[in-house]
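Engineer: One structure is given below, represented as C-alpha coordinates, and several questions about it will come after.
The values are calculated or read from the model by the stated rules, or taken from the named source; none is laboratory data. All of these numbers come straight from a predicted model, not from anything done at the bench. Note: ideal-geometry Cβ built from the backbone for every residue, glycine included; neighbour counts use all protein chains shown. Side chains included, ligands, DNA and RNA excluded: accessible areas come from the protein's heavy atoms. Shrake-Rupley method; radii C 1.70, N 1.55, O 1.52, S 1.80 Å.
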Amino acid sequence: MQFYLKRIVFCLSLMMAETVFSNQITHQFVTEHNHVTDFISEMNADVCFQNNPSGTGCHFDNYSFGEEFLDPDIRQNEALLIVDYDLTPAANVLYYQDRILNFYEVDGSAHIIPNESHVRVPKVFGDGITALKSTHAIPTESAVELANVISDTYGNNIPYATSHGLTVFAALADHARNQPVVFLDISKAQLHKAIPEVFCAVQSAEDEVHLGQLKSYAEKIESEITNLYKKHHIKFVNVSWGLVLNTIKSDWENTCNSSVPDNLTLKAILDTYQPVFKSLFGTADVLATHAAYQGTFNADFEIPFEWASEDFQNRMRVGVMGYLGNDIPLNGSAGRPHASEVSPENLELVDLYLNSGCQLYSDYGCRSEDPLQLRIPYGLGTVALPELNIQTSFVAPVGLAYFINLRNSPAFCQFEMNQSLINEIKAVILESCEGESACIFHDPLLTQGFNEPFDCEASDGTQPEKVPVDSKFGLVMLFMLVLILSLRSFYQKSNSSHN
(Lines give C-alpha, C1' and ligand atoms only; values in the text may rest on other atoms or scores of the structure.)
Protein backbone atom coordinates (compact mmCIF):
# COMPACT_ATOMS: atom_id res chain seq x y z
CA MET A 1 0.00 0.00 0.00
CA GLN A 2 2.77 2.40 0.92
CA PHE A 3 4.51 1.82 -2.41
CA TYR A 4 1.36 2.53 -4.42
CA LEU A 5 0.59 5.62 -2.36
CA LYS A 6 4.03 7.06 -3.06
CA ARG A 7 3.72 6.20 -6.72
CA ILE A 8 0.37 7.99 -6.94
CA VAL A 9 1.84 11.06 -5.22
CA PHE A 10 4.83 11.07 -7.54
CA CYS A 11 2.98 10.68 -10.82
CA LEU A 12 0.12 13.03 -10.01
CA SER A 13 2.53 15.69 -8.78
CA LEU A 14 4.47 15.65 -12.03
CA MET A 15 1.51 15.42 -14.40
CA MET A 16 -0.49 18.20 -12.75
CA ALA A 17 2.50 20.51 -12.50
CA GLU A 18 2.97 20.25 -16.27
CA THR A 19 -0.63 21.15 -17.21
CA VAL A 20 -1.63 24.02 -14.92
CA PHE A 21 0.02 26.90 -16.74
CA SER A 22 -0.73 26.27 -20.43
CA ASN A 23 -2.81 29.46 -20.88
CA GLN A 24 -0.44 31.63 -18.85
CA ILE A 25 2.59 30.50 -20.86
CA THR A 26 1.08 31.77 -24.11
CA HIS A 27 0.34 35.17 -22.57
CA GLN A 28 3.83 35.45 -21.06
CA PHE A 29 5.53 34.61 -24.36
CA VAL A 30 3.56 37.29 -26.20
CA THR A 31 4.35 39.85 -23.49
CA GLU A 32 8.07 39.05 -23.47
CA HIS A 33 8.21 39.16 -27.27
CA ASN A 34 6.85 42.71 -27.19
CA HIS A 35 9.41 43.73 -24.56
CA VAL A 36 12.22 42.25 -26.63
CA THR A 37 11.04 44.13 -29.73
CA ASP A 38 11.16 47.44 -27.85
CA PHE A 39 14.59 46.56 -26.42
CA ILE A 40 15.98 45.85 -29.87
CA SER A 41 14.67 49.17 -31.21
CA GLU A 42 16.33 51.06 -28.35
CA MET A 43 19.69 49.38 -28.96
CA ASN A 44 19.53 50.05 -32.69
CA ALA A 45 19.13 53.73 -31.79
CA ASP A 46 22.17 53.69 -29.46
CA VAL A 47 24.39 55.13 -32.19
CA CYS A 48 27.26 56.23 -29.92
CA PHE A 49 28.46 52.64 -29.54
CA GLN A 50 27.86 51.89 -33.20
CA ASN A 51 30.02 54.82 -34.24
CA ASN A 52 32.58 54.33 -31.48
CA PRO A 53 33.31 50.63 -30.78
CA SER A 54 35.61 51.51 -27.86
CA GLY A 55 32.68 53.11 -26.04
CA THR A 56 34.64 56.26 -25.21
CA GLY A 57 32.25 59.09 -24.43
CA CYS A 58 29.21 56.82 -24.51
CA HIS A 59 26.65 56.46 -21.74
CA PHE A 60 27.37 53.73 -19.16
CA ASP A 61 25.64 53.09 -15.84
CA ASN A 62 26.09 50.95 -12.74
CA TYR A 63 23.74 48.11 -11.81
CA SER A 64 23.50 46.02 -8.67
CA PHE A 65 21.48 43.24 -7.09
CA GLY A 66 19.24 43.26 -4.05
CA GLU A 67 15.81 42.59 -2.62
CA GLU A 68 14.45 45.87 -4.00
CA PHE A 69 14.79 44.49 -7.55
CA LEU A 70 13.09 41.17 -6.84
CA ASP A 71 9.97 40.19 -8.78
CA PRO A 72 7.04 40.76 -6.37
CA ASP A 73 5.44 37.52 -7.59
CA ILE A 74 8.22 35.41 -6.07
CA ARG A 75 9.28 37.60 -3.14
CA GLN A 76 7.51 35.46 -0.54
CA ASN A 77 8.68 32.13 -1.96
CA GLU A 78 11.30 29.89 -0.39
CA ALA A 79 14.78 30.86 -1.55
CA LEU A 80 17.60 28.72 -2.86
CA LEU A 81 21.28 29.17 -2.13
CA ILE A 82 24.15 28.45 -4.50
CA VAL A 83 27.43 27.95 -2.63
CA ASP A 84 30.61 28.03 -4.69
CA TYR A 85 33.86 29.81 -5.45
CA ASP A 86 34.29 33.11 -7.33
CA LEU A 87 30.64 34.12 -7.20
CA THR A 88 30.54 37.85 -7.83
CA PRO A 89 28.04 40.19 -9.54
CA ALA A 90 28.46 39.93 -13.30
CA ALA A 91 26.89 41.45 -16.40
CA ASN A 92 25.92 38.06 -17.76
CA VAL A 93 23.42 37.52 -14.91
CA LEU A 94 21.85 41.00 -15.01
CA TYR A 95 18.93 39.40 -16.83
CA TYR A 96 18.19 37.58 -13.55
CA GLN A 97 18.18 40.71 -11.41
CA ASP A 98 14.50 40.12 -10.65
CA ARG A 99 15.28 36.68 -9.20
CA ILE A 100 18.56 37.29 -7.37
CA LEU A 101 18.20 38.34 -3.73
CA ASN A 102 21.89 39.13 -3.42
CA PHE A 103 25.49 38.06 -3.73
CA TYR A 104 27.31 37.32 -0.47
CA GLU A 105 30.86 36.42 0.42
CA VAL A 106 32.80 35.17 3.42
CA ASP A 107 35.24 37.86 4.50
CA GLY A 108 38.58 37.32 6.20
CA SER A 109 36.95 37.34 9.64
CA ALA A 110 34.52 34.48 8.97
CA HIS A 111 31.60 36.88 8.54
CA ILE A 112 29.16 36.62 5.63
CA ILE A 113 28.69 40.05 4.07
CA PRO A 114 26.96 41.36 0.95
CA ASN A 115 29.14 41.80 -2.11
CA GLU A 116 28.29 45.37 -3.02
CA SER A 117 30.16 45.42 -6.30
CA HIS A 118 28.38 47.12 -9.17
CA VAL A 119 28.21 45.98 -12.76
CA ARG A 120 29.05 48.76 -15.22
CA VAL A 121 27.49 48.33 -18.67
CA PRO A 122 26.03 50.53 -21.45
CA LYS A 123 22.90 52.15 -20.02
CA VAL A 124 20.54 51.19 -22.83
CA PHE A 125 21.63 47.57 -22.51
CA GLY A 126 21.42 47.62 -18.70
CA ASP A 127 17.97 49.20 -18.61
CA GLY A 128 16.67 46.84 -21.28
CA ILE A 129 18.05 43.56 -19.96
CA THR A 130 16.85 44.23 -16.38
CA ALA A 131 13.38 45.18 -17.64
CA LEU A 132 12.82 41.68 -19.00
CA LYS A 133 11.22 39.20 -16.61
CA SER A 134 13.51 36.21 -16.14
CA THR A 135 10.66 34.35 -14.44
CA HIS A 136 9.21 34.02 -17.96
CA ALA A 137 11.00 32.44 -20.89
CA ILE A 138 12.07 34.59 -23.82
CA PRO A 139 10.78 33.00 -27.04
CA THR A 140 13.68 31.32 -28.84
CA GLU A 141 13.39 33.34 -32.03
CA SER A 142 13.40 36.58 -30.04
CA ALA A 143 16.42 35.48 -27.99
CA VAL A 144 18.46 34.77 -31.13
CA GLU A 145 17.68 38.17 -32.62
CA LEU A 146 18.35 39.92 -29.33
CA ALA A 147 21.73 38.21 -28.88
CA ASN A 148 22.82 39.28 -32.36
CA VAL A 149 21.86 42.93 -31.80
CA ILE A 150 23.67 43.04 -28.43
CA SER A 151 26.83 41.63 -29.98
CA ASP A 152 26.72 43.92 -33.02
CA THR A 153 25.97 47.07 -31.00
CA TYR A 154 28.19 46.72 -27.94
CA GLY A 155 30.89 44.16 -28.69
CA ASN A 156 33.40 44.07 -25.83
CA ASN A 157 31.76 46.93 -23.94
CA ILE A 158 29.71 44.40 -22.00
CA PRO A 159 32.04 42.49 -19.66
CA TYR A 160 31.55 38.75 -19.42
CA ALA A 161 32.63 36.82 -16.33
CA THR A 162 33.05 33.07 -16.08
CA SER A 163 33.35 30.96 -12.97
CA HIS A 164 32.38 27.50 -11.80
CA GLY A 165 29.56 28.90 -9.66
CA LEU A 166 28.04 30.99 -12.45
CA THR A 167 28.16 27.95 -14.75
CA VAL A 168 26.32 25.96 -12.07
CA PHE A 169 23.67 28.69 -12.05
CA ALA A 170 23.47 28.48 -15.85
CA ALA A 171 22.46 24.82 -15.45
CA LEU A 172 19.83 25.69 -12.83
CA ALA A 173 18.43 28.94 -14.23
CA ASP A 174 15.62 27.48 -16.35
CA HIS A 175 14.48 24.90 -13.84
CA ALA A 176 13.59 26.86 -10.69
CA ARG A 177 12.14 30.15 -11.91
CA ASN A 178 9.86 30.69 -8.92
CA GLN A 179 12.56 30.66 -6.25
CA PRO A 180 14.61 33.73 -5.24
CA VAL A 181 18.34 33.01 -5.59
CA VAL A 182 21.12 33.79 -3.13
CA PHE A 183 24.78 33.39 -4.07
CA LEU A 184 27.49 32.71 -1.49
CA ASP A 185 31.14 32.94 -2.47
CA ILE A 186 33.09 30.80 0.00
CA SER A 187 36.55 31.45 -1.42
CA LYS A 188 37.66 32.94 1.91
CA ALA A 189 36.12 30.10 3.85
CA GLN A 190 39.14 28.09 2.75
CA LEU A 191 41.33 28.00 5.82
CA HIS A 192 44.63 28.27 3.96
CA LYS A 193 43.43 31.56 2.44
CA ALA A 194 41.60 32.98 5.45
CA ILE A 195 44.15 32.27 8.20
CA PRO A 196 47.28 30.88 6.49
CA GLU A 197 49.41 31.64 9.55
CA VAL A 198 47.31 29.18 11.58
CA PHE A 199 46.85 26.66 8.79
CA CYS A 200 50.58 26.37 8.15
CA ALA A 201 51.40 26.25 11.87
CA VAL A 202 49.72 22.89 12.50
CA GLN A 203 52.45 20.54 13.68
CA SER A 204 50.64 17.24 14.07
CA ALA A 205 47.24 15.60 14.46
CA GLU A 206 47.57 16.27 18.21
CA ASP A 207 48.15 20.02 17.81
CA GLU A 208 45.08 21.07 19.77
CA VAL A 209 45.93 24.77 19.76
CA HIS A 210 46.11 25.40 16.02
CA LEU A 211 43.54 22.78 15.05
CA GLY A 212 41.22 24.36 17.63
CA GLN A 213 41.71 27.76 16.01
CA LEU A 214 40.89 26.34 12.58
CA LYS A 215 37.75 24.67 13.89
CA SER A 216 36.70 27.84 15.69
CA TYR A 217 36.91 29.74 12.40
CA ALA A 218 34.79 27.06 10.71
CA GLU A 219 32.22 27.25 13.53
CA LYS A 220 31.87 31.00 12.98
CA ILE A 221 31.09 30.32 9.31
CA GLU A 222 28.58 27.68 10.37
CA SER A 223 26.78 30.24 12.51
CA GLU A 224 26.84 32.81 9.71
CA ILE A 225 25.38 30.34 7.20
CA THR A 226 22.58 29.47 9.62
CA ASN A 227 21.79 33.17 10.01
CA LEU A 228 21.74 33.59 6.24
CA TYR A 229 19.17 30.78 5.98
CA LYS A 230 16.92 32.61 8.43
CA LYS A 231 17.41 36.04 6.88
CA HIS A 232 16.30 35.01 3.40
CA HIS A 233 14.01 32.06 4.17
CA ILE A 234 16.43 29.71 2.39
CA LYS A 235 15.12 26.15 2.14
CA PHE A 236 17.21 24.77 -0.74
CA VAL A 237 20.99 24.64 -1.19
CA ASN A 238 23.24 23.52 -4.04
CA VAL A 239 26.85 22.61 -3.35
CA SER A 240 28.85 21.61 -6.43
CA TRP A 241 32.24 21.35 -4.75
CA GLY A 242 33.89 19.45 -1.94
CA LEU A 243 37.04 18.97 0.13
CA VAL A 244 39.15 15.83 0.34
CA LEU A 245 42.56 14.94 1.71
CA ASN A 246 44.30 15.79 -1.56
CA THR A 247 42.71 19.26 -1.43
CA ILE A 248 44.38 19.95 1.91
CA LYS A 249 47.66 18.59 0.61
CA SER A 250 47.51 20.87 -2.42
CA ASP A 251 46.58 23.86 -0.23
CA TRP A 252 49.62 23.20 1.95
CA GLU A 253 51.95 22.91 -1.03
CA ASN A 254 50.68 26.20 -2.47
CA THR A 255 50.62 28.15 0.78
CA CYS A 256 53.12 26.91 3.35
CA ASN A 257 56.88 27.18 3.13
CA SER A 258 57.45 23.78 4.69
CA SER A 259 57.21 20.12 3.79
CA VAL A 260 53.77 18.55 3.59
CA PRO A 261 52.86 16.80 6.87
CA ASP A 262 51.74 13.20 7.12
CA ASN A 263 48.24 12.03 6.23
CA LEU A 264 47.06 11.95 9.84
CA THR A 265 47.87 15.64 10.20
CA LEU A 266 46.25 16.49 6.88
CA LYS A 267 43.16 14.52 7.91
CA ALA A 268 43.02 16.42 11.21
CA ILE A 269 43.07 19.72 9.29
CA LEU A 270 40.38 18.46 6.92
CA ASP A 271 38.17 17.45 9.86
CA THR A 272 38.10 21.05 11.13
CA TYR A 273 35.79 21.88 8.18
CA GLN A 274 33.08 19.64 9.70
CA PRO A 275 30.97 22.55 11.06
CA VAL A 276 30.75 24.15 7.61
CA PHE A 277 29.55 20.97 5.95
CA LYS A 278 27.15 20.27 8.80
CA SER A 279 25.51 23.67 8.29
CA LEU A 280 25.16 22.97 4.56
CA PHE A 281 23.96 19.37 4.76
CA GLY A 282 22.53 18.92 8.23
CA THR A 283 20.43 21.98 8.99
CA ALA A 284 16.85 21.08 9.87
CA ASP A 285 14.20 22.01 7.27
CA VAL A 286 16.79 22.78 4.56
CA LEU A 287 17.38 20.38 1.64
CA ALA A 288 20.79 20.34 -0.07
CA THR A 289 22.05 18.70 -3.23
CA HIS A 290 25.74 17.85 -3.45
CA ALA A 291 27.70 16.98 -6.56
CA ALA A 292 28.90 13.42 -5.98
CA TYR A 293 32.68 12.96 -5.74
CA GLN A 294 34.27 11.77 -8.98
CA GLY A 295 37.95 11.76 -8.02
CA THR A 296 40.25 8.99 -6.93
CA PHE A 297 41.13 7.93 -3.40
CA ASN A 298 43.17 5.20 -1.76
CA ALA A 299 41.31 4.91 1.54
CA ASP A 300 37.89 5.90 2.88
CA PHE A 301 39.34 8.38 5.38
CA GLU A 302 40.65 10.53 2.50
CA ILE A 303 37.11 11.62 1.55
CA PRO A 304 35.23 11.89 4.87
CA PHE A 305 32.59 14.36 3.69
CA GLU A 306 31.57 12.27 0.67
CA TRP A 307 30.13 9.30 2.55
CA ALA A 308 26.60 9.04 3.88
CA SER A 309 26.40 10.42 7.40
CA GLU A 310 23.75 11.08 10.05
CA ASP A 311 25.24 14.57 10.38
CA PHE A 312 24.29 15.22 6.74
CA GLN A 313 20.69 14.00 6.92
CA ASN A 314 19.33 16.53 4.42
CA ARG A 315 21.87 15.98 1.67
CA MET A 316 21.19 14.26 -1.64
CA ARG A 317 24.42 13.29 -3.43
CA VAL A 318 23.83 13.51 -7.16
CA GLY A 319 25.73 11.44 -9.70
CA VAL A 320 25.56 11.86 -13.46
CA MET A 321 24.22 9.30 -15.92
CA GLY A 322 24.87 9.45 -19.65
CA TYR A 323 22.04 7.86 -21.61
CA LEU A 324 20.59 8.82 -25.00
CA GLY A 325 17.36 6.89 -24.55
CA ASN A 326 14.02 8.21 -23.37
CA ASP A 327 12.57 5.10 -21.72
CA ILE A 328 13.40 5.69 -18.05
CA PRO A 329 10.01 5.60 -16.26
CA LEU A 330 8.45 8.79 -14.94
CA ASN A 331 9.04 7.67 -11.36
CA GLY A 332 12.58 6.40 -11.94
CA SER A 333 14.21 3.00 -12.15
CA ALA A 334 16.02 0.77 -9.69
CA GLY A 335 18.11 -0.70 -12.48
CA ARG A 336 20.62 1.10 -14.65
CA PRO A 337 19.49 1.36 -18.30
CA HIS A 338 21.35 -0.70 -20.86
CA ALA A 339 24.08 1.24 -22.73
CA SER A 340 24.16 3.96 -20.09
CA GLU A 341 27.28 5.39 -18.47
CA VAL A 342 27.51 6.68 -14.91
CA SER A 343 29.93 8.68 -12.80
CA PRO A 344 30.96 7.95 -10.15
CA GLU A 345 30.52 4.21 -10.44
CA ASN A 346 30.80 3.65 -6.69
CA LEU A 347 27.15 3.49 -5.57
CA GLU A 348 28.12 4.27 -1.99
CA LEU A 349 28.99 7.81 -3.09
CA VAL A 350 25.61 8.51 -4.73
CA ASP A 351 22.02 8.86 -3.57
CA LEU A 352 20.55 9.72 -6.97
CA TYR A 353 21.74 9.44 -10.58
CA LEU A 354 20.28 11.96 -13.02
CA ASN A 355 20.46 11.51 -16.76
CA SER A 356 22.14 14.35 -18.64
CA GLY A 357 20.84 13.03 -21.98
CA CYS A 358 24.41 13.09 -23.28
CA GLN A 359 27.14 10.47 -23.53
CA LEU A 360 29.78 10.85 -20.86
CA TYR A 361 32.81 9.27 -22.43
CA SER A 362 32.10 8.20 -26.00
CA ASP A 363 31.67 10.76 -28.80
CA TYR A 364 30.18 13.41 -26.47
CA GLY A 365 26.88 13.18 -28.31
CA CYS A 366 23.53 14.36 -26.91
CA ARG A 367 19.98 13.26 -27.64
CA SER A 368 17.79 15.72 -29.50
CA GLU A 369 15.06 15.85 -26.84
CA ASP A 370 15.79 17.64 -23.56
CA PRO A 371 19.49 17.08 -22.87
CA LEU A 372 21.17 19.04 -20.11
CA GLN A 373 21.69 22.58 -21.37
CA LEU A 374 23.31 25.69 -19.96
CA ARG A 375 21.73 29.11 -20.19
CA ILE A 376 24.02 31.28 -22.30
CA PRO A 377 25.08 34.79 -21.20
CA TYR A 378 22.33 37.39 -20.60
CA GLY A 379 19.68 34.65 -20.54
CA LEU A 380 19.46 34.56 -24.33
CA GLY A 381 18.87 30.92 -25.17
CA THR A 382 20.49 27.66 -24.14
CA VAL A 383 23.29 25.47 -25.41
CA ALA A 384 24.12 21.81 -24.83
CA LEU A 385 27.77 21.37 -23.92
CA PRO A 386 28.37 17.61 -23.85
CA GLU A 387 31.89 17.93 -22.50
CA LEU A 388 30.45 19.47 -19.33
CA ASN A 389 27.87 16.72 -18.87
CA ILE A 390 30.51 14.36 -17.48
CA GLN A 391 30.69 16.51 -14.33
CA THR A 392 28.33 15.98 -11.44
CA SER A 393 28.66 19.72 -10.72
CA PHE A 394 26.15 20.50 -13.45
CA VAL A 395 23.54 17.83 -12.76
CA ALA A 396 23.45 18.50 -9.01
CA PRO A 397 21.49 21.76 -9.56
CA VAL A 398 19.05 19.83 -11.74
CA GLY A 399 18.58 17.50 -8.78
CA LEU A 400 17.76 20.50 -6.61
CA ALA A 401 15.22 21.71 -9.17
CA TYR A 402 13.77 18.19 -9.25
CA PHE A 403 13.10 18.35 -5.51
CA ILE A 404 11.77 21.93 -5.74
CA ASN A 405 9.39 20.97 -8.54
CA LEU A 406 7.89 18.24 -6.38
CA ARG A 407 7.77 20.54 -3.36
CA ASN A 408 5.78 23.07 -5.45
CA SER A 409 3.43 20.39 -6.81
CA PRO A 410 -0.22 20.05 -5.71
CA ALA A 411 0.59 17.15 -3.40
CA PHE A 412 3.06 19.12 -1.25
CA CYS A 413 2.80 22.86 -1.85
CA GLN A 414 0.34 23.58 0.95
CA PHE A 415 2.55 22.04 3.63
CA GLU A 416 5.29 23.76 5.58
CA MET A 417 8.82 23.02 4.42
CA ASN A 418 10.01 21.10 7.46
CA GLN A 419 11.96 17.96 8.21
CA SER A 420 8.99 15.65 7.82
CA LEU A 421 8.16 17.07 4.40
CA ILE A 422 11.78 16.76 3.24
CA ASN A 423 11.81 13.12 4.29
CA GLU A 424 8.50 12.48 2.57
CA ILE A 425 9.57 14.00 -0.76
CA LYS A 426 12.91 12.18 -0.67
CA ALA A 427 11.02 8.95 -0.08
CA VAL A 428 8.70 9.67 -3.00
CA ILE A 429 11.70 10.15 -5.30
CA LEU A 430 13.66 7.12 -4.13
CA GLU A 431 10.92 4.64 -3.24
CA SER A 432 8.22 5.04 -5.90
CA CYS A 433 9.38 2.36 -8.35
CA GLU A 434 8.68 -1.35 -8.17
CA GLY A 435 10.93 -3.70 -6.25
CA GLU A 436 12.76 -3.47 -2.96
CA SER A 437 15.76 -1.53 -4.29
CA ALA A 438 15.77 2.27 -4.27
CA CYS A 439 14.92 3.82 -7.62
CA ILE A 440 18.05 5.92 -7.98
CA PHE A 441 18.11 6.35 -11.77
CA HIS A 442 15.96 9.27 -12.96
CA ASP A 443 15.51 11.43 -16.05
CA PRO A 444 13.80 14.62 -14.81
CA LEU A 445 14.99 16.72 -17.76
CA LEU A 446 12.69 14.59 -19.92
CA THR A 447 9.85 13.88 -17.52
CA GLN A 448 9.36 17.09 -15.52
CA GLY A 449 7.66 20.36 -16.42
CA PHE A 450 10.41 22.57 -15.03
CA ASN A 451 9.65 25.73 -16.95
CA GLU A 452 6.48 26.69 -15.10
CA PRO A 453 6.44 25.29 -11.54
CA PHE A 454 3.04 24.86 -9.94
CA ASP A 455 1.64 28.06 -8.41
CA CYS A 456 0.21 27.01 -5.06
CA GLU A 457 -2.87 29.20 -4.70
CA ALA A 458 -6.20 28.63 -3.06
CA SER A 459 -9.33 28.74 -5.18
CA ASP A 460 -9.81 32.44 -4.37
CA GLY A 461 -6.34 33.30 -5.69
CA THR A 462 -4.76 33.83 -2.27
CA GLN A 463 -1.76 32.01 -0.88
CA PRO A 464 -3.03 29.30 1.51
CA GLU A 465 -1.64 29.07 5.02
CA LYS A 466 1.03 26.39 5.18
CA VAL A 467 -0.06 23.30 7.08
CA PRO A 468 2.44 21.53 9.35
CA VAL A 469 3.16 17.98 8.26
CA ASP A 470 5.10 16.89 11.33
CA SER A 471 2.09 15.45 13.15
CA LYS A 472 -0.44 12.68 12.71
CA PHE A 473 -2.94 15.29 11.60
CA GLY A 474 -0.58 16.50 8.92
CA LEU A 475 0.03 13.00 7.63
CA VAL A 476 -3.70 12.32 7.52
CA MET A 477 -4.19 15.54 5.54
CA LEU A 478 -1.46 14.47 3.13
CA PHE A 479 -3.15 11.09 2.65
CA MET A 480 -6.54 12.75 2.08
CA LEU A 481 -5.04 15.17 -0.44
CA VAL A 482 -3.49 12.33 -2.39
CA LEU A 483 -6.74 10.36 -2.28
CA ILE A 484 -8.74 13.33 -3.56
CA LEU A 485 -6.29 13.95 -6.38
CA SER A 486 -6.35 10.27 -7.31
CA LEU A 487 -10.16 10.12 -7.41
CA ARG A 488 -10.27 13.35 -9.39
CA SER A 489 -7.83 12.00 -11.95
CA PHE A 490 -9.77 8.72 -12.20
CA TYR A 491 -13.06 10.61 -12.63
CA GLN A 492 -11.63 12.80 -15.38
CA LYS A 493 -10.24 9.78 -17.25
CA SER A 494 -13.57 7.95 -16.92
CA ASN A 495 -15.46 10.91 -18.33
CA SER A 496 -13.09 11.30 -21.25
CA SER A 497 -13.41 7.60 -22.09
CA HIS A 498 -17.22 7.85 -22.15
CA ASN A 499 -17.30 10.97 -24.32
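Engineer: Please sort by residue number the chymotrypsin sites (Phe, Trp or Tyr not before Pro) in the range 341-433 whose DSSP state is loop and whose Cβ has at most 16 other Cβ atoms within 10 Å.
Structural biologist: Tyr361, Tyr364
Engineer: May I ask you to compute the full-extension gain from Ala284 to Glu145, defined as 0.36 nm times their residue separation minus their alpha-carbon distance, rounded to one decimal in nm? Spell out each step's value before the answer.
Structural biologist: Details: separation 139, 0.36 × 139 = 50.04 nm, distance 4.58 nm.
Length gained between Ala284 and Glu145: 45.5 nm.
Engineer: Say R0 is 25 Å: what FRET efficiency, to the nearest 0.05, do Ile376 and Arg75 get from their beta-carbon distance?
Structural biologist: After rounding to 0.05, the efficiency reads 0.40.
Engineer: How much area per residue is accessible in the range 168-317 when the probe is 1.4 Å and only protein heavy atoms are counted (Å²)?
Structural biologist: Roughly 39 Å² per residue, with all protein chains present.
Engineer: May I ask you to list the chymotrypsin sites (Phe, Trp or Tyr not before Pro) in the range 103-197 that are in a DSSP loop and have at most 12 other Cβ atoms within 10 Å of their Cβ?
Structural biologist: Of the chymotrypsin sites (Phe, Trp or Tyr not before Pro), the ones in loops of the range 103-197 whose Cβ has at most 12 other Cβ atoms within 10 Å are Tyr160.
Engineer: Mean separation of Cα pairs under 8 Å and 6+ residues apart, divided by the residue count of the range 242-368: what relative contact order is that in percent? If you can, show how the numbers build up before the last one.
Structural biologist: Working: 162 pairs, mean separation 29.9, N = 127.
Reported as a whole number, the value is 24 percent.
Engineer: Identify, among Phe103, Val47, His35, the residue whose Cα sits farthest towards the positive end of the charge dipole of the range 34-146, taking +1 on the Cβ of Lys and Arg and -1 on the Cβ of Asp and Glu, with the dipole about the Cα centre.
Structural biologist: Positive-most Cα among the choices belongs to Val47.
Engineer: For a protection proxy built on the mean count of beta-carbon atoms within 10 angstrom, sort 80-88, 219-227, 63-71, 110-118 highest first, please.
Structural biologist: Output ranking for 80-88, 219-227, 63-71, 110-118: 80-88, 219-227, 63-71, 110-118.
Engineer: Let me ask something else. Going toward the positive end of the dipole of the range 158-253, with +1 on Lys and Arg Cβ and -1 on Asp and Glu Cβ, which of Ser223, Val209, Asn238 do you reach last?
Structural biologist: Asn238
Engineer: Now, a different point. Could you tell me which chymotrypsin sites (Phe, Trp or Tyr not before Pro) in the range 191-243 are loop residues by DSSP with no more than 11 other beta carbons within 10 angstrom of their beta carbon?
Structural biologist: Counting only loop positions with at most 11 other Cβ atoms within 10 Å, none of the chymotrypsin sites (Phe, Trp or Tyr not before Pro) in the range 191-243 qualifies.
Engineer: What are the ³J(HN,Hα) values, in whole Hz, obtained from phi via the Karplus relation 6.51 cos²θ - 1.76 cosθ + 1.60 with θ = phi - 60°, for each residue of the range 229-239 in sequence order, with x given for Gly and Pro?
Structural biologist: 3, 5, 4, 10, 6, 7, 10, 9, 9, 10, 10
Engineer: Work through the residues other than Ala205 whose Cβ is under 11 Å from its Cβ and net out their charges, Lys, Arg +1 and Asp, Glu -1.
Structural biologist: Values: positive: Lys267; negative: Glu206, Asp207, Glu208, Asp262, Asp271.
Around Ala205, the surrounding residues sum to -4.
Engineer: Could you let me know the centre-to-centre spacing of the range 245-320 and the range 369-440, using Cα atoms, in angstrom?
Structural biologist: What the calculation gives is 23 Å, centre to centre.
Engineer: Let me ask something additional. Using r as the Cβ-Cβ distance of Thr56 and Thr135, and R0 as 41 Å, what FRET efficiency do you calculate, to the nearest 0.05?
Structural biologist: Details: r = 36 Å, r/R0 = 0.89.
That gives a FRET efficiency of 0.65.
Engineer: Right, here's the next one. Want the number for Thr37 to Ile113: 0.36 nm per residue separation, take away the alpha-carbon distance, what's left?
Structural biologist: This chain segment gains 23.5 nm when fully extended.
Engineer: Related question: Explain nothing, just the number: dipole magnitude of the range 281-377 about its Cα centre with +1 on each Lys and Arg Cβ and -1 on each Asp and Glu Cβ, in debye rounded to the nearest 20.
Structural biologist: 320
Engineer: Something else: Just subtract the alpha-carbon distance of Asn254 and Asn44 from 0.36 nm times their residue separation and send over the number in nm, one decimal.
Structural biologist: So the extension gain works out to 70.6 nm.
Engineer: To continue, here is another question. Given the peptides 272-278, 147-153, arrange them by the average over their residues of other C-beta atoms within 10 Å, most packed first.
Structural biologist: 272-278, 147-153
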